[in-house]
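S.K.: Sending over a structure as structure tokens; questions will come in a sec.
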Amino acid sequence: MRLDLLAALNEERRARRAAVLVTDLGDGTQRLVRADEIARDPLAERLLMGKSGTIESGGKRYFLTVQVPPARLIAVGAVHVSQALAPMAKLAGFDVTIVDPRTAFATRERFPDVRVIAEWPDKVLPEVGLDRYTAIALLTHDPKIDDPALELALQAECFYVGALGSKKTHAKRLERLAAAGLSAQAARIHAPIGLDIGAVSPPEIAVSILGEIVLSLRKKPLRSEKDRAA
């Protein structure tokens, strides 16, 4: 690999930006496709899978070295659902962080093996740094805690934003977001949070949330949606 391309690839990695190194297997020429160029590049589809590999296009063979920032999950609310969700998400490969200013709940004893921050979201999330490879699950039912995190997540274009609560609760949430000038972005919120699998218990709700997060990350339609389209 050319040293200038290696330096550029490392720079994108440090900035948590996706990039694809395209190598023509015929003549060995290489080019780097940065995050803001990916949507316009016909060879960047493999980015959705997050895996490097060989493809054919226009009668040529290319090897795509895909660099995707590690996906993160920030759960706002050190609640029972979070206790079930954290180990599941970690097992699925997510970098998990729990944020909750209530120090009685946000403890390492309740959340072993994941990062726990007992601080208000509006203070700590800008320090953590939100981006398009971050998922946020808002689980406290407390607008004083959830709403600041929600606004920051929408502004940062996190790939997944989900919020616990009934349709009535979400309607009130939308009113508050409208007052904050975020009506357009609010359409991206998954609420009620999680896939509709009839989940009742905290572990079942956690399964539904993780499934919805993975679905959003990979951007694939459900089989039922593809069947209806056919």
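S.K.: When you check GLY26 against the structure, is it more than 30 Å from ASP122 (Cβ to Cβ) and without any contact (Cβ under 8 Å) to a residue 24 or more places away in the chain, yes or no?
M.R.: Here the answer is no, as GLY26 does not meet what is asked.
S.K.: State which residue is surrounded by the fewest Cβ atoms within 10 Å (Cβ to Cβ) when the search covers only segment 62-83 and only residues that are part of a helix (DSSP H, G or I) and out of contact with any strand residue (DSSP E or B) (no Cβ under 6 Å at 6 or more places or on another chain).
M.R.: Across segment 62-83, the extreme among qualifying residues is HIS80.
S.K.: What single numbered condition from (1) open to solvent by 30 Å² or more (accessible area, probe 1.4 Å); (2) in contact with a strand residue (DSSP E or B) (Cβ under 6 Å, 6 or more places away or on another chain) fails to hold for GLY58?
M.R.: It fails just one condition, (2).
S.K.: Another question, then. Suppose the filter is open to solvent by less than 10 Å² (accessible area, probe 1.4 Å), outside any helix (DSSP H, G or I) and out of contact with any helix residue (DSSP H, G or I) (no Cβ under 6 Å at 6 or more places or on another chain); does ALA86 pass it? Before you say what the answer is, go through the steps one by one.
M.R.: On the way: open to solvent by less than 10 Å² (accessible area, probe 1.4 Å): yes; outside any helix (DSSP H, G or I): no; out of contact with any helix residue (DSSP H, G or I) (no Cβ under 6 Å at 6 or more places or on another chain): yes.
Against the criterion (open to solvent by less than 10 Å² (accessible area, probe 1.4 Å), outside any helix (DSSP H, G or I) and out of contact with any helix residue (DSSP H, G or I) (no Cβ under 6 Å at 6 or more places or on another chain)), ALA86 does not qualify.
S.K.: Any chance you could count how many residues in segment 26-39 are open to solvent by less than 80 Å² (accessible area, probe 1.4 Å) and modelled with pLDDT of 85 or more?
M.R.: 6
S.K.: Do you know which of the residues in segment 89-106 that are open to solvent by less than 30 Å² (accessible area, probe 1.4 Å) and assigned to a loop (DSSP other than H, G, I, E, B) is nearest to VAL161 (Cα to Cα)?
M.R.: Residue satisfying both the conditions and the ranking: PHE94.
S.K.: Okay, moving on. Residues that are crowded, with 21+ Cβ neighbours inside 10 Å, at least 2 per element: which strands (runs of 3 or more DSSP E) completely within segment 112-230 meet that?
M.R.: Answer list for segment 112-230: 134-138, 160-163.
S.K.: Continuing with the same structure: For segment 6-23, which residues satisfy the criterion of being part of a loop (DSSP other than H, G, I, E, B) and either within 26 Å of GLU56 (Cβ to Cβ) or touching a residue at least 12 places away in the same chain (Cβ under 8 Å) (or both)? Break it down into steps so the answer makes sense when it comes.
M.R.: Just the residues of segment 6-23 that are part of a loop (DSSP other than H, G, I, E, B), to begin with: 15-18.
Residues satisfying the conditions are ARG16, ARG17, ALA18.
S.K.: Of LEU73, LEU43, LEU48, LEU64, which residue is among the hydrophobic types (A, V, I, L, M, F, W, C), at pLDDT below 85 and in contact with a Ser or Thr (Cβ under 9 Å, 6 or more places away or on another chain)?
M.R.: Only one candidate qualifies: LEU43.
S.K.: The conditions are (1) open to solvent by 60 Å² or more (accessible area, probe 1.4 Å); (2) at pLDDT 85 or above, and VAL22 fails exactly one of them. Which is it?
M.R.: (1)
S.K.: Could we say that THR134 is more than 30 Å from GLU12 (Cβ to Cβ) and polar (S, T, N, Q) here?
M.R.: no
S.K.: What about LYS51, is it under 30 Å from ALA137 (Cβ atoms), without any contact (Cβ under 8 Å) to a residue 40 or more places away in the chain and surrounded by fewer than 16 Cβ atoms within 10 Å (Cβ to Cβ)?
M.R.: Spelling it out, LYS51 is indeed under 30 Å from ALA137 (Cβ atoms), without any contact (Cβ under 8 Å) to a residue 40 or more places away in the chain and surrounded by fewer than 16 Cβ atoms within 10 Å (Cβ to Cβ).
The values are calculated or read from the model by the stated rules, or taken from the named source; none is laboratory data. The structure displayed is predicted, hence computed values, not measured ones. Don't worry about glycine lacking a Cβ; one is built from the backbone with ideal geometry, like all the others, and counts go over all protein chains shown. When the accessible area is computed, the model is the full protein with side chains, heavy atoms only, and any ligands, DNA or RNA have been set aside. Shrake-Rupley method; radii C 1.70, N 1.55, O 1.52, S 1.80 Å.
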